Amino acid sequence: MVQAKTWILTKHFDGFPKDSDFELKVEELSAPKDGEVLLEAVFLSVDPYMRPFSRVRMNEGDVMIGTQVAKVIQSNNPAFPVGSHVVGRCGWRTHTVCDGTDLIPVMPDWPQDVSLSLALGGIGMPGLTALYGIEEVLGLQKGETLLVNAAAGAVGSMVGQIAKIKGCKVVGSAGSDAKVAFLKDLGFDEAFNYKTVGSLEEALKKASPEGYDCFFENVGGPFSSVAIQQMKNFGRIAVCGAISTYNDTTPQTGPYPHLTMIFKQLKMEGFMQSRWEHKHPESLKRLIGWLKEGKLQCREHITKGFEKMPAAFMGILQGENIGKAVVAV
Ligand SMILES: NC(=O)c1ccc[n+]([C@@H]2O[C@H](COP(=O)([O-])OP(=O)(O)OC[C@H]3O[C@@H](n4cnc5c(N)ncnc54)[C@H](OP(=O)(O)O)[C@@H]3O)[C@@H](O)[C@H]2O)c1
């Protein structure tokens, strides 16, 4: 009999999440039956989407949703041998018994010198999000100028680096001077701390006086309204996220300056990376190729201990992380 530790959503978040909204529970797991496997979590992801999804996809009393890299420790399913690693949407739990339906084996040729935690970050969902936003939604072209916000985060840091690989000018905004230094280190052409610039409009103009062809939007709220005014005519906007609004208790109204959208004939498209799931294997190969060539840095912000899952999650909603936030069990 294996005991699984799990984190439960005891109460739907009201505004910013609180410690008392989560409860650590222990569950007894029965042995895996025919076709089933027993998994042990190695790394768990904390992601901003968990905040809005907690409202629409979870009931009070459910285990928190989430993805993890896990080791197969018992197996009655030949597709998942003991000792292999998988990426699974198992939620916030240390151990899981499942039939393998939703499990994705970590790439068989995963390099030995690359941490498996990157399968939750640069060589996983956030990296794929960056790639699809750039290629499928924005159609970013060599020589264009791209703006990305939350630029030092899991998605944003990949967006900037991929745009540089494509020969573009990249401007990033982030919430601390340490993050700005990190962006410069990654090769961003311009980076600024949106919390300390006197005027966001001036900072955007200074970084690219000629304006922006593409805007990779991760933040939403007032930032977007200002950024949209700095777009060039026929600019494109990929709406990836709106983290600044996730803890709002009342829905925002009218965040976009509609006349600017019309007069500049902008194209704006929301997306979820899962739209291109059929491309994941090929895309992951490209990302890992760039990593091996030294063209990508996949910085991580690792918190140790399953007990710290809520703190790590609340940390990303307060900007504590540089790079991808991951919990190591
Ligand atoms: N569409 C998709 O398929 C998809 C997939 C993955 C992620 N996303 C979205 O992409 C965005 C970035 O996700 P990520 O995984 O890369 O997260 P992340 O950037 O690693 O972490 C979140 C960052 O957002 C910033 N932030 C937090 N609260 C904020 C607020 N109130 N106002 C402004 N900035 C705030 C913080 O950076 P600063 O210190 O710079 O403020 C924080 O470090 C999120 O909106 C997420 O929901 C979408």
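The values are calculated or read from the model by the stated rules, or taken from the named source; none is laboratory data. Predicted model, so just to flag it, every value in this text is computed and none were measured. FYI the Cβ positions are ideal-geometry reconstructions off the backbone, even for glycines, and counts take in every protein chain you see. All accessible areas refer to the heavy atoms of the entire protein, side chains included, with ligands and DNA or RNA removed. Shrake-Rupley method; radii C 1.70, N 1.55, O 1.52, S 1.80 Å.
Among what's in the range 282-329 and is more than 12 Å from the ligand (Cβ to nearest atom) and of a type in the set (S, T, N, Q), pick the residue that is nearest to V114 (Cα to Cα).
Q297
From S199, S208, S224, grab the single residue that is open to solvent by less than 50 Å² (accessible area, probe 1.4 Å), free of Cβ contacts under 8 Å to residues at least 24 places away in the same chain and either within 16 Å of the ligand (Cβ to nearest atom) or not acidic (D, E) (or both). Talk me through it step by step, then tell me what you get.
On the way: S208 fails: free of Cβ contacts under 8 Å to residues at least 24 places away in the same chain; S224 fails: free of Cβ contacts under 8 Å to residues at least 24 places away in the same chain.
Answer to the selection: S199.
Please go through the range 234-276 and give me each residue that is within 16 Å of the ligand (Cβ to nearest atom) and among the aliphatic types (A, V, I, L, M), ordered by number.
As a first pass, look at the range 234-276 and keep what is within 16 Å of the ligand (Cβ to nearest atom): 236-252, 255, 268-276.
Matches in the range 234-276: I237, A238, V239, A242, I243, M268, M272.
Check off (1) within 21 Å of the chain's Cα centre (by Cα); (2) over 22 Å from Q297 (Cα atoms); (3) among the hydroxyl-bearing types (S, T, Y) for S173 and give me the number that stays unchecked.
(2)
Please determine whether any residue of the range 268-289 is at pLDDT below 95, over 19 Å from the mean Cα position of the chain (by Cα) and not charged (D, E, K, R).
Checking the range 268-289: at least one residue is at pLDDT below 95, over 19 Å from the mean Cα position of the chain (by Cα) and not charged (D, E, K, R).
For E144, state whether it is open to solvent by 20 Å² or more (accessible area, probe 1.4 Å) and within 16 Å of the ligand (Cβ to nearest atom).
On the way: open to solvent by 20 Å² or more (accessible area, probe 1.4 Å): yes; within 16 Å of the ligand (Cβ to nearest atom): no.
Taking the combined requirement at face value, the residue does not satisfy it.
Can you confirm whether the range 245-267 contains a residue that is in contact (Cβ under 8 Å) with a residue 24 or more places away in the chain, under 18 Å from D47 (Cβ atoms) and in contact with a Phe, Trp or Tyr (Cβ under 7 Å, 6 or more places away or on another chain)?
yes
Give just the number: which of (1) open to solvent by less than 70 Å² (accessible area, probe 1.4 Å); (2) assigned to a strand (DSSP E or B); (3) in contact with a Lys or Arg (Cβ under 9 Å, 6 or more places away or on another chain) does H12 not satisfy?
(2)
Consider G156 carefully, then state whether it is under 18 Å from the mean Cα position of the chain (by Cα), in the same structural domain as K267 (by TED's automatic domain parsing) and either surrounded by fewer than 24 Cβ atoms within 10 Å (Cβ to Cβ) or more than 10 Å from the ligand (Cβ to nearest atom) (or both). Please lay out each step first, then the result.
Values: under 18 Å from the mean Cα position of the chain (by Cα): yes; in the same structural domain as K267 (by TED's automatic domain parsing): yes; either surrounded by fewer than 24 Cβ atoms within 10 Å (Cβ to Cβ) or more than 10 Å from the ligand (Cβ to nearest atom) (or both): no.
So G156 does not fit the description; no.
Could you look through the range 98-137, keep only residues that are open to solvent by less than 20 Å² (accessible area, probe 1.4 Å) and among the hydroxyl-bearing types (S, T, Y), and pick out the one that is nearest to the ligand (Cβ to nearest atom)?
Taking the candidates together, the pick is T129.
Find the residue count for the range 211-221, including only residues that are closer than 14 Å to G270 by Cα and touching a residue at least 60 places away in the same chain (Cβ under 8 Å).
So in the range 211-221, the residues closer than 14 Å to G270 by Cα come out as 214-220.
Keeping just the survivors that are touching a residue at least 60 places away in the same chain (Cβ under 8 Å) gives 214-219.
Of the residues in that region, 6 qualify.
Can you tell me which residue is most open to solvent (accessible area, probe 1.4 Å) among those in the range 175-196 that are assigned to a loop (DSSP other than H, G, I, E, B) and within 15 Å of the ligand (Cβ to nearest atom)? Explain how you work it out, then say what you get.
In the first step, residues of the range 175-196 are kept if they are assigned to a loop (DSSP other than H, G, I, E, B); the result is 175-176, 187-189, 194-196.
When the remaining residues are screened for being within 15 Å of the ligand (Cβ to nearest atom), the result is 175-176, 188, 194-196.
Working: G175: 20, S176: 35, F188: 9, Y194: 104, K195: 123, T196: 98 Å².
This residue is K195.
Evaluate the range 284-292: report whether one residue or more is more than 22 Å from P105 (Cβ to Cβ) and surrounded by fewer than 20 Cβ atoms within 10 Å (Cβ to Cβ). Show your work before the answer.
Of the residues in the range 284-292, the ones more than 22 Å from P105 (Cβ to Cβ) are none.
No, there is no match, as no residue in the range 284-292 is more than 22 Å from P105 (Cβ to Cβ) and surrounded by fewer than 20 Cβ atoms within 10 Å (Cβ to Cβ).
Go through (1) open to solvent by 20 Å² or more (accessible area, probe 1.4 Å); (2) within 19 Å of K308 (Cα to Cα); (3) polar (S, T, N, Q) and name the single condition S45 misses.
Of the numbered conditions (1) open to solvent by 20 Å² or more (accessible area, probe 1.4 Å); (2) within 19 Å of K308 (Cα to Cα); (3) polar (S, T, N, Q), the odd one out for S45 is (1).
Pairs under 6 Å by beta carbon, first residue closer than 9 Å to I302 by Cα and open to solvent by 20 Å² or more (accessible area, probe 1.4 Å) in the range 317-329, partner more than 6 Å from the ligand (Cβ to nearest atom) and not in a strand (DSSP E or B), six or more apart or different chains?
Correct list of pairs: empty, since none qualify.
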